[in-house]
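> I'd like to ask some things about the structure below.
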């Protein structure tokens, strides 16, 4: 069910996590939401998202999610599934998503300093 008024600028990660958790609890699904199951569901949904871009050129993949409204809606649904499973994984494991992202971005900044990584797509150990 679409929640009116939700948008990235006004909705916190905590609010979305709470909605995802409430949805699962209303259906008594927490019993199935072991980290193993959620990580597998997350991978499956990521595969479904990738399927929309299979065999596309990089350029075509950039426009596919923007130009065709019906295709964009399907891509949005797959992305939402990925994020929902990731947030439910965080719920079930007690992971603070914002704090985890902050720590990871700090580590990434150390591994990929701007002076070495800007404009390059190589792995950090190849910089």
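The values are calculated or read from the model by the stated rules, or taken from the named source; none is laboratory data. Keep in mind the model is a prediction, meaning the values are calculated, not measured. When we count neighbours, we look across all protein chains shown, and the Cβ atoms used for this are built from the backbone with ideal geometry, even at glycine.
Residue-by-condition table, conditions (1) in contact with a strand residue (DSSP E or B) (Cβ under 9 Å, 6 or more places away or on another chain); (2) under 30 Å from residue 125 (Cα atoms); (3) in the same structural domain as residue 123 (by TED's automatic domain parsing):
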| residue | (1), (2), (3) |
| --- | --- |
| 6 | no, no, no |
| 43 | no, yes, no |
| 74 | no, no, no |
| 82 | no, yes, no |
| 91 | no, no, no |
| 100 | no, yes, yes |
| 107 | no, yes, yes |
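> When you look at residue 33, is it farther than 26 Å from residue 93 by Cα and under 18 Å from the mean Cα position of the chain (by Cα), yes or no? Quick ask: steps written out before the conclusion?
Values: farther than 26 Å from residue 93 by Cα: no; under 18 Å from the mean Cα position of the chain (by Cα): yes.
So residue 33 fails the test.
> To continue, here is another question. Quick check, is residue 66 touching a residue at least 24 places away in the same chain (Cβ under 8 Å), in a helix (DSSP H, G or I) and in contact with a helix residue (DSSP H, G or I) (Cβ under 7 Å, 6 or more places away or on another chain)?
Details: touching a residue at least 24 places away in the same chain (Cβ under 8 Å): no; in a helix (DSSP H, G or I): yes; in contact with a helix residue (DSSP H, G or I) (Cβ under 7 Å, 6 or more places away or on another chain): yes.
It is false that residue 66 is touching a residue at least 24 places away in the same chain (Cβ under 8 Å), in a helix (DSSP H, G or I) and in contact with a helix residue (DSSP H, G or I) (Cβ under 7 Å, 6 or more places away or on another chain).
> Right, residue 65: at pLDDT below 95, surrounded by 15 or more Cβ atoms within 10 Å (Cβ to Cβ) and either in the same structural domain as residue 101 (by TED's automatic domain parsing) or within 26 Å of residue 101 (Cα to Cα) (or both) or not?
On the way: at pLDDT below 95: yes; surrounded by 15 or more Cβ atoms within 10 Å (Cβ to Cβ): yes; either in the same structural domain as residue 101 (by TED's automatic domain parsing) or within 26 Å of residue 101 (Cα to Cα) (or both): yes.
Here the answer is yes, as residue 65 does meet what is asked.
> Could you go through region 52-59 and let me know if any residue there is part of a helix (DSSP H, G or I) and more than 16 Å from the chain's Cα centre (by Cα).
yes
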